[in-house]
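Reviewing the structure listed below.
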Amino acid sequence: MLNDDVNEKLTLEVVPEVASTHRFQWEEVQDCHVIMYPEGMVKLGDSSAEILKLCDGKNDVGTIIKLLNQQYPDAQVDNDVIKFLEVAHENGWVKYK
Amino acid sequence: MKTDGSSTNKVNPPLWLLAELTYACPLQCPYCSNPVEMANYKKELSTEDWIRVMREARKMGAVQLGFSGGEPLTRPDLEELIAEARQLGFYTNLITSGIGMDEKRVKGFKEAGLDHIQVSFQASSADLNNFIAGTDAFEHKLEMARAVKKHGYPMVLCFVLHRQNEPYVREILDLAVSLDADYVELATTQYYGWAFHNKEYLIPTREQLANAEIVTKEFQEKLKGKMKIFYVIPDYFEDRPKKCMDGWGAIFLTITPDGLALPCHAARQLPGLELPSVQDHSIDWIWNDSPDFNKFRGLDWMKEPCRTCPEKEKDLGGCRCQAFMLTGDATNADPVCSKSPHHQELVDTVEGIGKIAGTPELEERPILFRNMKNSRKIIKGESESELVK
């Protein structure tokens, strides 16, 4: 099954990780990051890719938000991170550890 | 966009490389999309050829790679090809019947870097599955599906639907749940190759489709977020065509076992194609400059009713192969479209089959099983009533 934890709520303590059944990589020709899964692929915008890069199974959501706010001091990323991770989780791109 | 093959046109790179490694297959499914003349094409590309094809396609930007066939497991170099593909950065999909695989090989593929295995089933019960497959495959398929999960692959189960198994969609989805599938493809039979010959045996009835749709929706809702179920109504029952392959030469590149490059796996039959071989040309030339890949790119090739149709960019006139098979001219509108002058013939065929479905008159007609013996008979022009299983 794609996600046994589909109903799990996203909190700042959750540790997201790119699902082992998916692959996240940079594509030179497309000039973007992509997430790949059986017979399909989604091209990712820069901000989505920046979030996924931090979904390494070690950082919790709070840490990811903190790191991105440090990296982009002009942006308040809190809500964007939460929103993106909810979508990514629903699509099975990330698992909550 | 021009259609004269000029290399100055900007053509998007291929995203999908379908490597049909072989036409050999231990199964005999009568809905197979391989060409019925497959016995003529027995010389397969070498390992080195395939590696060169993969390198060139990857360099151009191809991301998804499907190992298909026939049955790709019959190639003893499959592990080597997987390892090379993964090293090149492809997302690698193995599209298989499961026959020719054991748990050791499932594990070996994982070590070689295989990303995903799609296992096909012919039905939810051993009897029907084995009848359609022409061999006792069901138990082994179950075993292989479990092995695929055990070794951590995402698992897609594929069921090709037609009149003989369409009534059992509930049982099929129950089976998928019990095997813990991540994705289920309820694939509609596409009437190419062997399937076209067997269409009277395969075309479902409207009642079957309506029921299958209800059952599928029920499971989709019940399993939301757990199992993805893909189900598309067969286009013979629609009044607008599919945007076939997302467009001719748009994202999809098929290489046949003997090395021909095709914009879709059914295009080999179309008259007027030059069928460039990867043994003579680079993938770059084939994709960007070959007359074949430019033949139906864009909109300029269209005739009426497509040419002036406001929906022409949406469906690109449908499927070229279907247009050819059903009207004799690949530049015609796909007769699935109600604007096609040939649409009524298609409706009549489908309704005619619906009227006599289930009666011996229809159900006892001979089935053309997919095997090399039958292929050779077709090539020789022998009558279909003599065809053997």
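Of note:
- Remark: spin-label model distance B:GLU207-B:ASP136 equals 3.5 nm, labels positioned 7 Å along the Cα→Cβ axis.
- Using only the C-alpha atoms, the convex hull of the range A:16-91 corresponds to 88 Å³ per residue.
- Under the combined filter of DSSP loop state and at most 14 neighbouring Cβ atoms within 10 Å, the range B:29-86 retains these trypsin sites (Lys or Arg not before Pro): B:LYS42, B:LYS43.
- Cβ neighbours within 10 Å from other chains - mean over B:227-240: 1
- Point-charge dipole on Cβ atoms (K/R +1, D/E -1) for the range B:99-151, about Cα centre, debye to 20: 260
- Whole-Hz couplings from phi, Karplus 6.51/-1.76/1.60, listed for the range B:210-221; x for Gly and Pro: 4, 5, 4, 5, 5, 4, 4, 4, 4, 5, 4, 5
- ³J(HN,Hα) computed for each position of the range B:60-77 - Karplus, 6.51 cos²θ - 1.76 cosθ + 1.60, integer Hz, glycine/proline x: 6, x, 4, 10, 9, 10, x, 8, 9, x, x, 9, x, 5, 6, 7, x, 8
- Occluded residues from the range B:73-94, i.e. those whose accessible area drops by 20 Å² or more once the chain is not alone (1.4 Å probe): B:ARG86, B:GLY89, B:TYR91
- Vicinal HN-Hα couplings computed from phi for the range B:310-327 (Karplus, 6.51 cos²θ - 1.76 cosθ + 1.60; Hz; Gly/Pro x): x, 9, 5, 7, 6, 10, 6, x, x, 9, 5, 5, 5, 4, 5, 5, 9, 10
- Loop-located GluC sites (Glu not before Pro) in the range A:12-97, at most 16 other Cβ atoms within 10 Å (DSSP): A:GLU13, A:GLU28
- In the range A:28-47, burial by the other protein chains removes 20 Å² or more of accessible area from A:VAL29, A:GLN30, A:MET36, A:TYR37, A:PRO38, A:GLU39, A:MET41, compared with the chain on its own (1.4 Å probe, ligands and nucleic acids ignored).
- For the pair A and B, total buried accessible area rounded to nearest 100 Å², probe 1.4 Å: 2100
- Calculated FRET efficiency, B:ASP180 to B:ASP246, Cβ-Cβ distance, R0 = 41 Å: about 0.85 to the nearest 0.05.
- With both labels modelled 7 Å from their Cα along Cα-to-Cβ, the B:GLU274 to A:ALA49 distance reads 3.7 nm.
- Shown here for the range B:150-238: trypsin sites (Lys or Arg not before Pro) in loop regions (DSSP other than H, G, I, E, B) with at most 14 other Cβ atoms within 10 Å, namely B:LYS224.
- Within the accessible area of the protein assembly as shown (1.4 Å probe), percent carbon and sulfur: 50
- Based on C-alpha pairs under 8 angstrom that are at least 6 apart in sequence, the range B:91-150 has a relative contact order of 39 percent.
- When shorter helices are ignored and each DSSP H run of at least 4 residues is given -39500 (n - 2.57), the per-residue value for chain A at 222 nm works out to -10000 deg cm²/dmol.
- Using the rule -39500 (n - 2.57) for each DSSP H run of four or more residues, divided by the residues of chain B, the 222 nm mean residue ellipticity is -10000 deg cm²/dmol.
- Over the protein assembly as shown - Rg/Rh using Cα atoms and the Kirkwood inverse-distance radius: 0.97
- With the cut-off at under 18 Å, measuring from each backbone N in the range B:122-142 to a point 7 Å along the Cα-to-Cβ line of B:GLU218 picks out B:124-125.
- Dipole magnitude for the range A:16-91: computed about the Cα centre from +1 point charges on Lys and Arg Cβ and -1 point charges on Asp and Glu Cβ, it is near 160 debye.
- Dividing the convex hull volume of the alpha carbon atoms of the range B:54-116 by its residue count gives 73 Å³ per residue.
- Think of the range A:16-91 as a dipole: +1 on every Lys or Arg Cβ, -1 on every Asp or Glu Cβ, centred on the Cα centre; then among A:ALA88, A:PRO38, A:PRO16, A:PRO16 lies furthest on the positive end.
- Rg(Cα)/(2.2 N^0.38 Å) for chain B, N = residue count: 0.97
- Pairs of Lys in chain A closer than 13 Å at Cα, counting only those 8 or more apart or on different chains: 5
- Over chain B, relative contact order from alpha-carbon pairs under 8 Å, at least 6 apart, %: 21
- In this calculation the C-beta distance from A:GLN71 to B:GLU111 is compared with R0 = 45 Å, giving a FRET efficiency of 0.75.
- Simple label model, 7 Å out from Cα along Cβ direction - B:GLU363 to B:LYS380, nm: 3.3
- For the range B:13-45, accessible area lost to neighbouring protein chains reaches 10 Å² or more, against the chain alone with a 1.4 Å probe, at B:PRO13, B:LEU15, B:TRP16.
- With all protein chains kept in place, the per residue accessible area of the protein assembly as shown amounts to 43 square angstrom at a probe of 1.4 angstrom.
The values are calculated or read from the model by the stated rules, or taken from the named source; none is laboratory data. A quick note: this is a predicted structure, and the numbers were derived from the prediction, not measured. Because the Cβ atoms are built from the backbone with ideal geometry, glycine has one as well, and the counts that use them run over all protein chains shown. In case anyone asks, the SASA skips ligands and DNA or RNA and just uses the protein heavy atoms, side chains included. Shrake-Rupley method; radii C 1.70, N 1.55, O 1.52, S 1.80 Å.
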